[in-house]
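Remarks on the structure that follows.
Each value in this text was obtained by applying a stated rule to the coordinates, not by laboratory testing. Everything numeric here is computed off the predicted structure, so don't read it as measured data. For neighbour counting, all protein chains shown are included, and Cβ atoms are generated from backbone atoms with ideal geometry for every residue, glycine included.
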Amino acid sequence: MIQKQAIDTSNYEIWTQELTKYYARGENQVKAVDSIDISMASGIHGFLGPNGAGKTSTINMLIGAISITKGIAFVKGLKAGSRKCRKIIGFLPQDPGLYSKLTGKQYLKFVAQMNGVKKLEAERRTDEFLEKFDLKDAENRKIETYSGGMKQKVAFASALIGNAEIFVLDEPTSDLDPIMRNNIIKDIKNLARNKSIFVSSHVLSEVELMCDRVTIINRGKIITTDTIKNIKKMHTTAKNIYLLDTNSNEKILEDLNGKDFIDKAWIDEDHNIINIMPKDTEALQKYIPEAIIKNNLLLRKFYQKESTLQEIFLEMMNEEGEEKNVN
Amino acid sequence: MSISKSEEQIEMESVKKVFPSFILFKKTLFNEVGTLPKFIWAIIIMFLLGPLFVIISINPSLIDYSDESIFDTGLGFVYLMLTTSIVFSIIISVSTAPMISFEIREGTMLMLVSKPISRANIFLSKFLAVFTFGFLINLISLSITCLLTYARYPFYDVLPFFLVILVYSLIILVFFECLTMGLSCILRKPRTVLIIPVGFIIFLFLVFLMFKPLLLLGGETNLYEKYHLYIFDLSYHFANAYFLLVDNLLNIEPSLIFVMYNVAEYDDGFGNIVYTNYVSPIFSLILLISIAVLAVSIGYFYFKKRDIS
């Protein structure tokens, strides 16, 4: 049951409870978002999930573009979708629709004014953003003549040009070349110095670079939500894999496989490094230096493996898939 | 402290309140429906098709060019039958039809609804922009036509005719704009939205007109009267509404145009034209307004609730 009165939603940048979205009715009903709870504090919050996970539907509910079937959502304490709420959100859609018959300059000025920015200030900001995004030379050309990257720049600039207090960015780096992608990530990080950003993506390496905290969603349900550091830590502890590299990996692997404190040990052929899953971590940590000295080997590396967000994400998706198959 | 005029203007600008609805209205009018080439072409078509229709369709023997009958049988006919009813409504439908559904498909509507402007204001801004566009086309093309006519026949008072057509064009404009705007909010494909009103106009003013005589066969017991089919005949109601204006503002004799749309018929005895009076012109006008209001209301409420993604 929703207990809104117990929470001061203005303490959160984004706060949702049992947020649900169904498309269609009857037999064709699709549950796009299934009762999700998000509590976003300031900073950059990543919203991850595979295609069709419900990311865009959630974002569209926050900006009021689609109706909420069930549950509640607040942005900085303002009811999601309300006019006041939309005024404080800088929104970048997944496939930004631009008025192709307008010039870049006309479009940015139009968007600024639609956000309530006064005419002269809108003109000033338009010039500033055209300069910043390297679009000054093309400012009087119609958007239909722009390249894909230029259009994405215009769309990104249009999300920033208003008086937003929080930014909701849906796949901001999709369809960008690596240089542009890098620039946009830098811009997002700069922006996060004094504004909060809710960013959805499935490019996990970027999310890892940008975000402090992430929510992972699949099939409309939240799988986990935490700081990237904690997610990695939990996953690393749970997996508890040690990596070992010496000048004779085969020799020490033979030695390790006979030990009762080892669950499994194998050589990762891609990286030519030994992966060890211990039953008793302490015993392993004591044994490795002894074995190195005893066999007169050279120790190159010995450390606990930290999973990347990508690995964690893929594993979570696999687990989800397996669970679904079991059910 | 004295400040220069430009500084004063700048100061005034900076305190002006911003109305997103007005910004959207301006953009829709000047950058979408009312782009200059489209605007000029619409006026040229409106202006040229009238006289062209006179040349190819009107039997010259029916018109006495030396007197004012040109206005009753010629100019009035042209404007009602072709220019105002068909060309004008097609221009408006084509301009209006894709507006909402096209913006939803292209993703620009998602940008608009994410801004601090209500959907009612988005709808209203677009509606008013199309209305302004249609009104200006008609005003300019009608003014040119009337001025040229006045130059050719200075003895005739053009002003009442100008007013009748202008008011009638507003009825046509509002009706078809409401219809297409309503459809545009409900249907997903802009092409479908475009085909329905244009097809409807062609059927109403051309196809149905060609086949209607079949319903009228049989003299006094014709099917059209027997089953009160005129109630469903919107072209009859359009002509009847036109009659309301003509009767009140021009006070002219019933002409061929009204016979075509069954507002009048030939009196058997002497070949005079008499009014049929199936329903009162006010009823026809109210019916048209009701249909328009219904279409636009359904469209608006659908748009208000519609998921835009």
Only Cα pairs under 8 Å and at least 6 apart count here; give the relative contact order of chain A as a rounded whole percent. 18
The aspartates and glutamates whose Cα lies under 17 Å from the Cα of A:Lys87, excluding any fewer than 8 residues away in the same chain, are A:Glu13, A:Glu121, A:Glu165
When the charge dipole of segment A:60-198 is computed with +1 on Lys and Arg Cβ and -1 on Asp and Glu Cβ about the Cα centre, the Cα farthest towards its positive end, among A:Met180, A:Ala138, A:Thr126, belongs to A:Thr126
What number, rounded to the nearest 500 deg cm²/dmol, is the helix-based mean residue ellipticity at 222 nm of the protein assembly as shown, given -39500 (n - 2.57) per DSSP H run of at least four residues and division by all its residues? -16000 deg cm²/dmol
Counting sequence-distant residues (5 or more places) and residues on other chains, those with an amide H built under 5 Å from that of A:Ile241 are A:Lys305
Rank-order A:136-147, A:203-214 by packing density, defined as the average count of other C-beta atoms within 10 Å over each peptide's residues, highest first. A:203-214, A:136-147
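Quick one: putting +1 on the C-beta of Lys and Arg, -1 on the C-beta of Asp and Glu, what dipole do you get for the protein assembly as shown around its Cα centre, in Debye to the nearest 20?
Numbers: 66 positive and 67 negative charges, 333 e Å.
Magnitude of the dipole: close to 1600 debye.
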Here the convex hull volume per residue of the protein assembly as shown, taken over Cα atoms and given in Å³, is 259
Euclidean distance of C-alpha centroids, segment A:210-284 and segment A:57-130, integer Å: 43
With everything on Cα atoms, drop me the angle between helix A:104-114 and the longest principal axis of chain A, reported from 0 to 90° to the nearest 10. 80
Within 10 Å of each Cβ in peptide B:111-124, how many partner chain Cβ atoms are there on average? Round it to a whole number, please. 6
Can you give me the Cα centroid spacing of segment B:91-168 and segment B:170-200 in angstrom? 14
Just want the answer: with Cβ charges of +1 for Lys and Arg and -1 for Asp and Glu, which residue in B:Thr96, A:Ser196, B:Ile171 is farthest toward the dipole's positive end in the protein assembly as shown? A:Ser196
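Determine, for each peptide in B:231-243, B:92-104, the mean count of other beta carbons within 10 angstrom over its residues, then list the peptides with the highest first. Numbers along the way, then the final one.
Details: B:231-243: 21.7, B:92-104: 24.2.
Going from most to least packed, we get B:92-104, B:231-243.
Arrange the peptides A:21-31, A:178-188 so that the one whose residues have, on average, the most other Cβ atoms within 10 Å appears first.
Those peptides, ordered most packed to least, come out A:178-188, A:21-31.
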Using the Karplus curve 6.51 cos²θ - 1.76 cosθ + 1.60 with θ = phi - 60°, work out ³J(HN,Hα) for each residue of segment B:180-194 in order, rounded to whole Hz, and write x for Gly and Pro. 6, 5, x, 5, 4, 6, 8, 7, 8, 8, x, 5, 5, 4, 6
For a 19 Å ceiling on Cα separation, which of these pairs sit above it: A:Lys79/B:Lys115; A:Lys189/A:Lys233; A:Lys84/A:Lys221; A:Lys142/A:Lys186? A:Lys189/A:Lys233; A:Lys84/A:Lys221; A:Lys142/A:Lys186
Can you find, among A:Ile68, A:Ile276, A:Tyr23, the residue sitting farthest towards the positive end of the charge dipole of chain A, where Lys and Arg contribute +1 and Asp and Glu -1 at Cβ? A:Ile68
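Report the FRET efficiency, 1/(1 + (r/R0)^6), for B:Trp41 and B:Asp157, where r is their Cβ-Cβ distance and R0 is 35 Å, rounded to 0.05.
Working: r = 31 Å, r/R0 = 0.89.
Result of the calculation: an efficiency of 0.65.
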Quick one: 3J(HN,Hα) in Hz for segment A:216-225, Karplus 6.51/-1.76/1.60 with θ = phi - 60°, rounded, Gly and Pro as x. 9, 10, 8, 6, x, 10, 7, 8, 7, 8
In whole Hz, what ³J(HN,Hα) sequence does segment B:126-138 give by Karplus (6.51, -1.76, 1.60; θ = phi - 60°), x for Gly and Pro? 6, 4, 5, 5, 5, 4, 4, 4, x, 4, 5, 4, 5
